[in-house]
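*Asks:* For reference, the structure I am asking about is given below.
The values are calculated or read from the model by the stated rules, or taken from the named source; none is laboratory data. None of these values were measured; they are calculated from a predicted model. Here the Cβ positions follow ideal geometry from the backbone for every residue, glycine too, while neighbour counts run over all protein chains shown. Ligands, DNA and RNA are stripped out before the accessible areas are found, and what is left, the full protein with its side chains, is counted by its heavy atoms. Shrake-Rupley method; radii C 1.70, N 1.55, O 1.52, S 1.80 Å.
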Amino acid sequence: MGVQVVETSLRDGHQSLMATRLKTDEIVPVAEILDKAGYYALEVWGGATFDACIRFLNEDPWERLDKIKAVCKNTKLQMLFRGQNILGYHHYADDIVEKFVEKSLEHGINVIRVFDALNDVRNLKSAVDAVNKYKSKYNAECQIAVSYTTSPVHTIDYFVELAKKIDKMGADSICIKDMAGVLLPDSAYELVKRLKEVTKLPIEMHSHCTGGIAEMMYRKAIEAGVDRIDTALSPLGGGTSQPCTESFAYSLENTKYDTGLNIDLLNKAADLLNKSKNKYVTDGTFNTKALNLNPNILKYQVPGGMLSNLMSQLKAQNAMDKFDDVLKEIPNVRKDLGYPPLVTPLSQMVGTQAVMNILFGERYKSCPKEIVEYLKGNYGQAPSKVNLDVQKKIIGDIEPITYRPADKIEPEFNKIKEKYKDICKTDEDVLTCAQFENVAVKFLTEKYNPTIKEDNEVIEFNMEIGK
Ligand code: CO
């Protein structure tokens, strides 16, 4: 059997390159073609796609999923799920996690990729248990992803031990999620070989081309026996996105790794996506800078998306001249915090802290409230020891918690349902509110009452002025 391919252009591809702005009308015709092209799965849903739908596109993400499912009869649909954070940025109660899993499967998701930014397996458990509970009913697969990063604690041995735990937790497959694109080809070879010794589960590779090494890393992973790779069609591949699908289909054709993909159909889908892309390049939504190679990420171990966030934060402060200082500060902040992997939400938190440390001229003089929560243990266990001086400066004598953060969160679903009973018509609406409260309320109010849209805008404008 050759290498299986998961197509990411309809989730990570447009998220990485054009701020997740593809519209449902642009996605569905592409998905319809790809459904027949021989993929293992199409990744179509996740935090940013959901968020952008209600925040910027005025589209209901649940309806988007239904429309994609209606044209995908042959190929599995995949989503990315941030463990206890679901699609949002903080921990939710277990009942919300379970309900979200159930509804996602009901709307047609077949593979749920669950990960935790800190690789704290306690934060995976409730999502994984939920997928397993509904697995047979919806023919679903539970994939657990490890957040790959490098640090003195994140060695190959560390990831092998983690994979052993994941195997026992009830995963059907394991993904190596190299969100920053820093996994080196030879390390990938060794990692995949070692994982294959300790687990029989299929192993999937996910990376980003930002540093210019993802294609060669994939090749080495394939030679080591990786089962699946994540790629994006050429219009939304490369740069800060995944390696290009067509290139892998061509380069592996007629080898023992043959992907079995129908290249004519890939080209047909790419033509369609190119039409959308060209429009977004013209209006600036697709920033072609995202296609530039940036081998410096290998030095700073910073994901591509984080680099562009930092640039916009610094531009807003008129402090672009501090960019290099901030880049150098990131590894220091990471060390102080016990080497968290730089993935959402930790990447934003570490990045913002580094910016503050530089702009205030004194380290940890000021902190985002998320960093305070992190040090209190409310995101889970740090991978390594945190700097106790820094901890004391920020949270004083407060003892960080050692239990699973969600253990102390009361069931929330019925409370949110009651609170928003005038706004929500379905359980899906309640879940949307649970995730993105203010944005969701505005979106749903306008969806169900299109005539009061104008008033809402006036109210919001006044609130902005008041701040
Ligand atoms: Co990614």
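*Asks:* Is one or more of the residues making up the stretch 83-106 charged (D, E, K, R), crowded, with 20+ Cβ neighbours inside 10 Å, closer than 30 Å to LEU261 by Cβ and in contact with a Phe, Trp or Tyr (Cβ under 8 Å, 6 or more places away or on another chain)?
*Replies:* There is no residue in the stretch 83-106 that is charged (D, E, K, R), crowded, with 20+ Cβ neighbours inside 10 Å, closer than 30 Å to LEU261 by Cβ and in contact with a Phe, Trp or Tyr (Cβ under 8 Å, 6 or more places away or on another chain).
*Asks:* Right, next: Does the stretch 208-215 include one or more residues that are more than 21 Å from the chain's Cα centre (by Cα), touching a residue at least 24 places away in the same chain (Cβ under 8 Å) and away from the ligand (no atom under 15 Å from the Cβ)? Spell out the reasoning first.
*Replies:* Kept after step one, since they are more than 21 Å from the chain's Cα centre (by Cα), are these residues of the stretch 208-215: none.
Within the stretch 208-215, none of the residues are more than 21 Å from the chain's Cα centre (by Cα), touching a residue at least 24 places away in the same chain (Cβ under 8 Å) and away from the ligand (no atom under 15 Å from the Cβ).
*Asks:* Related question: Let me spell it out: the conditions are (1) under 18 Å from the mean Cα position of the chain (by Cα); (2) at pLDDT below 90; (3) of a type in the set (Ser, Thr, Tyr), and SER312 meets all of them except one. Which number is the exception?
*Replies:* Exception for SER312: condition (1).
*Asks:* Okay, moving on. Of all residues in the stretch 176-198, which are assigned to a helix (DSSP H, G or I), touching a strand residue (DSSP E or B) at 6+ places or on another chain (Cβ under 8 Å) and aliphatic (A, V, I, L, M)? Talk me through it step by step, then tell me what you get.
*Replies:* Looking only at the stretch 176-198, we keep the residues that are assigned to a helix (DSSP H, G or I), and these are 185-198.
Okay, now just the ones that are also touching a strand residue (DSSP E or B) at 6+ places or on another chain (Cβ under 8 Å), so 188, 191-192, 195-196.
Once the filter is applied, which keeps residues that are assigned to a helix (DSSP H, G or I), touching a strand residue (DSSP E or B) at 6+ places or on another chain (Cβ under 8 Å) and aliphatic (A, V, I, L, M), the stretch 176-198 yields ALA188, LEU191, VAL192, LEU195.
*Asks:* Please give the number of the condition GLY38 fails out of (1) modelled with pLDDT under 95; (2) in contact with a strand residue (DSSP E or B) (Cβ under 9 Å, 6 or more places away or on another chain).
*Replies:* Result: GLY38 passes all but (1).
*Asks:* Any idea which residue in the stretch 155-175 is surrounded by the most Cβ atoms within 10 Å (Cβ to Cβ), counting only those that are free of Cβ contacts under 8 Å to residues at least 40 places away in the same chain and either assigned to a loop (DSSP other than H, G, I, E, B) or touching a helix residue (DSSP H, G or I) at 6+ places or on another chain (Cβ under 7 Å) (or both)?
*Replies:* Looking at the filtered set, the residue picked out is ALA163.
*Asks:* Looking at (1) touching a helix residue (DSSP H, G or I) at 6+ places or on another chain (Cβ under 8 Å); (2) of a type outside the set (Asp, Glu); (3) in contact (Cβ under 8 Å) with a residue 60 or more places away in the chain, find the lone condition where VAL198 falls short.
*Replies:* It is condition (3) that VAL198 fails.
*Asks:* Could you tell me whether the stretch 9-23 includes any residue that is surrounded by 24 or more Cβ atoms within 10 Å (Cβ to Cβ) and over 21 Å from the mean Cα position of the chain (by Cα)?
*Replies:* No, the stretch 9-23 has no match at all.
*Asks:* Is it fair to say ASP51 is away from the ligand (no atom under 16 Å from the Cβ) and surrounded by fewer than 22 Cβ atoms within 10 Å (Cβ to Cβ)? Steps first, answer last, please.
*Replies:* Details: away from the ligand (no atom under 16 Å from the Cβ): no; surrounded by fewer than 22 Cβ atoms within 10 Å (Cβ to Cβ): yes.
No: the conditions fail for ASP51.
*Asks:* Among the residues of the stretch 146-178, write down those that are within 15 Å of the ligand (Cβ to nearest atom) and either in contact with a Leu (Cβ under 8 Å, 6 or more places away or on another chain) or of a type in the set (Val, Ile, Thr) (or both).
*Replies:* Once the filter is applied, which keeps residues that are within 15 Å of the ligand (Cβ to nearest atom) and either in contact with a Leu (Cβ under 8 Å, 6 or more places away or on another chain) or of a type in the set (Val, Ile, Thr) (or both), the stretch 146-178 yields VAL146, SER147, TYR148, THR149, ILE176.
*Asks:* Here's another thing I want to ask about it. Which residue pairs have Cβ atoms under 6 Å apart, sit 6 or more places apart or on different chains, and have a first residue in the stretch 298-318 that is under 11 Å from SER347 (Cβ atoms) and a second that is open to solvent by 70 Å² or more (accessible area, probe 1.4 Å) and not in a helix (DSSP H, G or I)?
*Replies:* Hits for this filter: zero, empty list.
*Asks:* Okay, next question. Which of the numbered conditions does THR199 fail, given that it passes all the others? Conditions: (1) within 16 Å of the ligand (Cβ to nearest atom); (2) open to solvent by less than 30 Å² (accessible area, probe 1.4 Å).
*Replies:* (1)
*Asks:* Quick check: anything in the stretch 421-428 crowded, with 19+ Cβ neighbours inside 10 Å, in a helix (DSSP H, G or I) and at pLDDT 95 or above?
*Replies:* yes
*Asks:* Counting residues that are within 16 Å of the ligand (Cβ to nearest atom), which helices (runs of 4 or more DSSP H) fully inside the stretch 225-317 reach at least 3?
*Replies:* Values: elements: 245-252, 263-282, 297-300, 304-316.
Filter on the stretch 225-317 gives 304-316.
*Asks:* When the stretch 267-290 is examined, which residues are found to be open to solvent by 70 Å² or more (accessible area, probe 1.4 Å) and over 23 Å from the mean Cα position of the chain (by Cα)?
*Replies:* To start, the set of residues in the stretch 267-290 that are open to solvent by 70 Å² or more (accessible area, probe 1.4 Å) comprises 268, 271, 275, 278-279, 282-283, 287-289.
Listed by number, the residues that qualify are LYS268, ASP271, LYS275, ASN278, LYS279, THR282, ASP283.
*Asks:* Okay, next question. As an exercise: evaluate VAL131 against (1) of a type outside the set (Phe, Trp, Tyr); (2) open to solvent by 10 Å² or more (accessible area, probe 1.4 Å); (3) away from the ligand (no atom under 16 Å from the Cβ) and give the number of the one condition it does not meet.
*Replies:* Of (1) of a type outside the set (Phe, Trp, Tyr); (2) open to solvent by 10 Å² or more (accessible area, probe 1.4 Å); (3) away from the ligand (no atom under 16 Å from the Cβ), only one is false for VAL131: (2).
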